[in-house]
Amino acid sequence: MFPYLKLSKEEVEARIAATTPDDVAAALAKDRPGFFDLLALISPAAAGFLPRMRERAAEARRRYYGRTVSVYAPLYIGNTCVNSCRYCDFRIQHQGTARKDLSPDEIRAEAEAVRATGVDSLLVVAGENPRVNSPEHLAEVGRLLKPMFSYLALEVAPQSEETYRLLFEAGFEGLTCFQETYDQERYKYFHPAGPKSDYDWRLRTQWRAGRAGFRTLGVAFLLGLCPWRPEAASLAAHAIWLQRECWRSKVQFAFPRFCPTEGGFQPEHPVSDEDLELMMLAFRIVFPTCCMTVSTREAPAFRDRIVQTAADNMSAGSRVTPGGYAVLADHDVAQFTLTDKRPPAEVYAAIRAGGQEVVFKNWDNRI
Ligand code: SF4
């Protein structure tokens with residue numbers, strides 16, 4: 001569990017299991033529901049309240065985000081990695097996957113291909129390879145891409161606060177770091193070696209970035225590794241802690257569901273569409289102002305529906321391999337299998353057909 005939460009996994013599970021329909025109704029009736037209301041809203045008892053939860057979440061979403069959906073795209077700059085995550089084909093021991101770290105010219109070509117789709121927010125992704133993705137190299141990438149995009153975010157190895165200051169100066173403003181699982185024992189099992197085996201260093205990543213000035217701090221666990229309800233409770237506790245500690249930054253939720261990989265890892269605790277929707281609605285209701293993203297891991301129908309009620313942000317036309325947009329063309333060796341393979345124009349059309357506006361840029365830095 002999230003270590004600063006003063007409840008054990010068993011206590012959280014017992015509370016969730018004991019939730020009655022009256023508790024769910026009471027949570028939904030509150031103006032400002034809190035952590036314990038979130039436990040009620042993710043309980044099995046909440047399943048009977050789905051229509052009411054959709055209404056309530058959509059209302060909260062509309063109040064803070066209007067009828068808009070922000071779009072972004074990931075840009076994988078490299079997939080070499082020194083870690084050993086058992087579920088990932090980019091792990092150091094996995095031989096089957098082609099490895100590539102893009103040169104500055106290739107990064108520029110990829111970025112131009114993304115920019116041509118209209119996308120103005122970019123998430124730079126890389127495996128953990130300190131020899132290639134040094135702080136200086138990442139800063140160089142930031143300086144290269146900043147003139148091309150209004151918003152740059154990073155999903156790379158956790159860095160020190162000092163490095164985050166350097167990266168913020170170079171143009172990065174957002175950070176995403178999945179904790180993968182908040183269960184310390186299972187974390188050890190899934191990350192047996194490499195720098196990622198340090199649970200605490202990873203857990204405080206967003207905190208260090210927030211102190212360095214990053215404006216958006218992305219939190220998530222990987223859905224499928226462990227039972228989702230205690231993980232969701234930990235995610236909520238992590239977000240509450242970050243909101244208190246890094247009050248100048250915005251917390252962003254993602255709910256990445258494990259997708260099939262070439263290596264064939266099978267998650268022990270798959271999450272159904274119904275449970276994923278329930279969880280996203282619950283988080284929108286309890287955290288109405290926080291950003292929430294839905295990635296191309298999910299099917300088009302699910303994505304188009306969830307941006308009406310919970311998510312305010314989605315990826316479009318993603319390629320999850322280094323060089324996937326322009327450099328490698330069809331030779332796509334991906335980290336996982338994408339489910340929504342629609343080109344960006346179709347994603348924009350679907351957003352508009354749902355009565356919402358596509359937002360490429362939603363703020364300007366005047367300081
Ligand atoms: S999940 Fe990330 S850190 Fe782990 S092996 Fe894959 S790329 Fe490396």
Long-range amide H contacts for L102: which residues qualify at under 5 Å (H placed 1.01 Å from N, peptide plane, sequence gap of 5 or more or a different chain)? G78
Share of Cα-Cα pairs in region 191-332 lying beyond 26 Å, as whole percent: 31 percent
In Å, the C-alpha Rg and Dmax of region 152-212 are 12.3, 37
Suppose only helical runs count, i.e. DSSP H with n ≥ 4. What mean residue ellipticity at 222 nm does that imply for the chain under -39500 (n - 2.57) per run, divided by all residues and rounded to the nearest 500 deg cm²/dmol? -11500 deg cm²/dmol
Relative intensity, log₁₀ I(q)/I(0), of region 141-245 from a Debye sum that treats every alpha carbon as a point, q = 0.09, 0.13, 0.14 Å⁻¹: -0.24, -0.50, -0.57
Considering only Cα-Cα distances, which of the following residue pairs are longer than 30 Å: K146/K341; K6/K341; K196/K361; K6/K196? K6/K341; K196/K361
Of all DSSP beta bridges having both residues in the chain, the percent classed as antiparallel (nearest 5) is 5 percent
Any aspartates and glutamates with Cα under 17 Å of the K250 Cα? List them, leaving off those in the same chain fewer than 8 positions away. E155, E173, D312, D364
So in region 127-249, what percent of DSSP beta bridges are antiparallel if you round to the nearest 5? 0 percent
What distance in nm separates the two pseudo spin-label positions at A29 and A47, each 7 Å out from Cα along the beta-carbon direction? 2.5 nm
What per residue convex hull volume, in Å³, do the alpha-carbon atoms of region 31-102 yield? 199 Å³
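Could you work out how much longer the chain between R86 and R15 gets when fully extended? Use 0.36 nm per residue separation minus the Cα distance between them, nm to one decimal.
Answer, rounded to one decimal: 22.4 nm.
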How big, on average over all directions, is the shadow cast by the Cα convex hull of region 256-342, in nm²? 6.5 nm²
Can you compute the modelled spin-label distance between N362 and Q93, with each label point 7 Å from Cα toward Cβ, in nm? 4.1 nm
Placing each pseudo-label 7 Å from Cα in the direction of the beta carbon, E136 and Y4 end up separated by a distance in nanometres of 3.5 nm
Could you estimate the translational diffusion coefficient of region 114-154 from the Stokes-Einstein equation, with Rh from the Kirkwood formula over C-alpha pairs, at 37 °C and 0.692 mPa s, in whole µm²/s? 299 µm²/s
Per principal axis, descending, Cα span of region 253-295 in whole Å: 38, 17, 12
In whole Hz, what ³J(HN,Hα) sequence does region 187-201 give by Karplus (6.51, -1.76, 1.60; θ = phi - 60°), x for Gly and Pro? 4, 4, 5, 6, 10, x, 8, x, x, 5, 5, 8, 4, 5, 4
Equivalent ellipsoid semi-axes - Cα gyration tensor, the chain, angstrom: 31, 24, 20
Kyte-Doolittle mean at least 0.0, axial Cα span of 18 Å or more - DSSP H helices of the chain: 273-286
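Since every read-out is calculated from the coordinates, none of them should be taken as a lab result. Every value quoted in this text rests on a predicted model; they were computed, and no experiment measured them. A quick note on method: Cβ atoms are made from the backbone with ideal geometry, for glycine too, and the neighbour counts reach across all protein chains shown.
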